[in-house]
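None of the figures in this text is laboratory data; all of them are computed from the coordinates on show. Just so it is clear, the structure is predicted and the values come from calculations on it, not from any experiment. FYI the Cβ positions are ideal-geometry reconstructions off the backbone, even for glycines, and counts take in every protein chain you see.
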Amino acid sequence: MPSLTDLANPTRFMRLSAALLPWMAGAATILLAIGFYLAWFVAPADYQQGETIRIMFVHVPAAWLALMLYTMMAVSALGTLVWRHPLADVAQKAAAPIGAAFSLICLLTGAFWGKPMWGTYWVWDARLTSVLVLLLIYLGIIALWRALDDSGRAGRAVAILTLVGFVNVPIIKFSVDWWNTLHQPASVFRADGPTIHPAMLWPLLILALGFTLLALALHLAAMRAEIMRRRVRTLTILEAERHDRLAMQGLPA
Amino acid sequence: MALAVENLACRRGGRLIFEGLSFRLAQGEAIALTGRNGAGKSSLIALVCGRLRPEAGSVRIEGAGDTPAPELIHLIGHRDGLKSALGAAGNLAFAQAVLGEPALSAAAALDMVGLPHVADVPVGYLSAGQRRRVALARLLVSRRPFWLLDEPMAALDFAAQAMVAGLMQAHLDAGGAVLAATHGPLGLAGARELRIGP
Amino acid sequence: MTRAFIAIVGRDLALAARAGGGGELALVFFLTLVVLVPFALGPDLALLARIGPAILWLGALLATLIGLDRLFQSDEEDGSLDLIRASALPLELAVLAKGLAHWLATGLPLALAAPMLGLLVALPIEAMASVAATLLVGTPALSFIGAAGAALTVGIRRGGLIVPVLVAPLTVPVLIFGVSASNSALGGAIPFLTPFLILCALSLAAIVVGAFAAAAALRQAE
């Protein structure tokens, strides 16, 4: 049973992740295929919302993954700052674009769902607004990664930002809820909604699991790409130094 | 007290600057740190004062008790820590308040470096050499045993270099220690040379 | 230690008071923003009065955030941050001192100027006091959340726009409660004190979180 410290060795991680990745990707593909088949062809249309209810099957997992990936980033941030785990900042860097992508998917599907339901693409609904702010935080984190050259320093700076954001997300959610009830006392959107029919629940659960595996597989692949990018960087520097030395030896002392 | 550096390695931007560096600097001793550009003189100074994290090895101050190393060290780096908009005396008074352990007053320290007349002149108006002397006067306003100087003689003329050498000698005689990165001679009789890099 | 704290506050205030120090520039920027809004919306005084507190709060928010990247960067560039790091004063308290000076030089003048700028957007007299009060207790949160962002970007040259990008999403709660407390004076269901006290709590929390996060970031810096 490999422990977390064994995984700290990037070589070991590369080997394990290479073995794991096809299985995860395969399982994600199968689950997504089954889930989408059930969602599109088996699940009944909603008696109120009609066919548009099928958007939910992508929308809800995307929202859940946007939050899950941020939580993973916060744990990785602790890994960088407290435990100084060498893979933690790689994990964090790899998670940010995926989380941002799922936030965006959540917002876009929400807009397409909102048009037939509410008659408009966007309402300042508390939950939509919170996801929008989450997307902005993701984009800020990505911007900070790109702005700092040195990966070690960038990793620590981004870890601090991620944790500050993590403390802030519940506060933002709370204040947006407060703001929303203040401005929209009679929302068209019922917060709890009708209880979901089992014929819709099953495809939703299968798709949620499938998307989660997809996100984890993407995350693993992105981590591998980042590790290789850093290796290329180190090798390039070493090569430049070697040429430097050769050039020095060629010169008279 | 003694500054003990053991098996120190430094990596910056993926590049290994130096490794396996060990030395000891006791009170009353001086080390002239030499080496070609890029050998890691400034990096070593940054490591000793805790601004960089070592790749391997350790920097300790023996016999300091609970006092953290950065609080026993005076650093005069390339960046001189002076605010151009403030006067020389104002800059020194700020340094004294921040560093603690007050020794000379700002006016007396400026006297010692031969700049009594610039106390209220904004530092931005001074020449590079004068500015350097104001920065070095910081060593005199607070009492700290270890002086870490990065190119202390840069931009100074011969008279000023002799003056700075005198300040360092007085510090050594009073039981202090000096670690100075330098290209030229320091003008200290008992200074050891530590050459880093190839 | 107290001496070091006071010295940092005093030095930063002295620097802010110099030409180009940033203190008065934020105020001018605030005025400019408030003047621009009616040009965008039209001179409808009833509409302006209704959104007046929101305009003032947005103006104060932007005026605080833009320029915050210099908070630690100027000290890093000239080496005085090394001086502060070498102090016996814990870095958290040094950040507190710098944030306090920043607030005294920007947030406080903005809060005091807000009622006068309120005249431009036809803010009723009774709302002016509440806008000023909310800005008074809300701007420290902006200074300190911003300080964390400024500390994170201390090594970036020309990082001007990145601090507002990092920090603005985190200021959403402050904006919400600041504006709704100000609006309560214009009538509405909620009493002034409910959002106002939450705003105070947010400010206190931001001071603590901001000081610790900024100090942690400055320790990592290079």
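Listed values, structure above:
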| item | result |
| --- | --- |
| Number of partner chain Cβ atoms within 10 Å, mean per residue of A:145-152 | 4 |
| Acute angle (nearest 10 degrees) that the helix C:125-152 long axis makes with the longest principal axis of chain C, alpha-carbon atoms | 30 degrees |
| Cβ-based exposure ranking for C:ILE190, B:ILE31, in which fewest neighbours within 10 Å come first | C:ILE190, B:ILE31 |
| Shielding of C:192-201 by partner chains, average beta-carbon count, 10 Å | 1 |
| Tail fraction, Cα-Cα pairs, the range C:2-220, threshold 31 Å, whole percent | 21 percent |
| MRE, 222 nm, helices only [DSSP H, n ≥ 4, -39500 (n - 2.57), over chain C, to nearest 500] | -25000 deg cm²/dmol |
| Top of B:LEU21, B:LEU149, B:LEU44 by mean-square fluctuation, Gaussian network on chain B, Cα under 10 Å | B:LEU21 |
| Kyte-Doolittle mean at least 1.0 and Cα axial length at least 27 Å: DSSP H helices in chain A | A:10-37, A:56-81, A:126-147 |
| Quarter of the Cα convex hull surface for the range C:164-222, i.e. its orientation-mean projected area (nm²) | 4.7 nm² |
| Alpha-carbon radius of gyration plus Dmax, which is the widest Cα pair, for chain A in Å | 22.5, 88 |
| Residue among A:ASP149, A:ASP89, A:ASP125 with the largest mean-square fluctuation in a Gaussian network model of chain A, springs linking Cα atoms under 10 Å | A:ASP149 |
| Rh (Kirkwood; distinct C-alpha pairs) - the range B:2-190, Å | 17.0 Å |
| Reach of B:LYS83 by Cα under 19 Å, taken over lysines that are not fewer than 8 positions away in the same chain | C:LYS98 |
| Sequence ranges B:172-182, C:54-64, ranked by mean other-Cβ count within 10 angstrom, highest first | C:54-64, B:172-182 |
| GNM result for chain C, Cα springs below 10 Å: residue of C:ALA101, C:ALA88, C:ALA206 fluctuating most strongly | C:ALA88 |
| Angle in degrees between helix C:108-118 and the longest Cα principal axis of chain C, rounded to the nearest 10 | 20 degrees |
| At R0 = 56 Å, FRET efficiency that the Cβ-Cβ distance of A:ARG229 and C:LEU47 yields, to 0.05 | 0.60 |
| Largest to smallest principal axis extent of the C-alpha atoms in the protein assembly as shown, angstrom | 95, 70, 46 |
| Partner chain coverage, peptide B:91-103 - average Cβ within 10 angstrom | 5 |
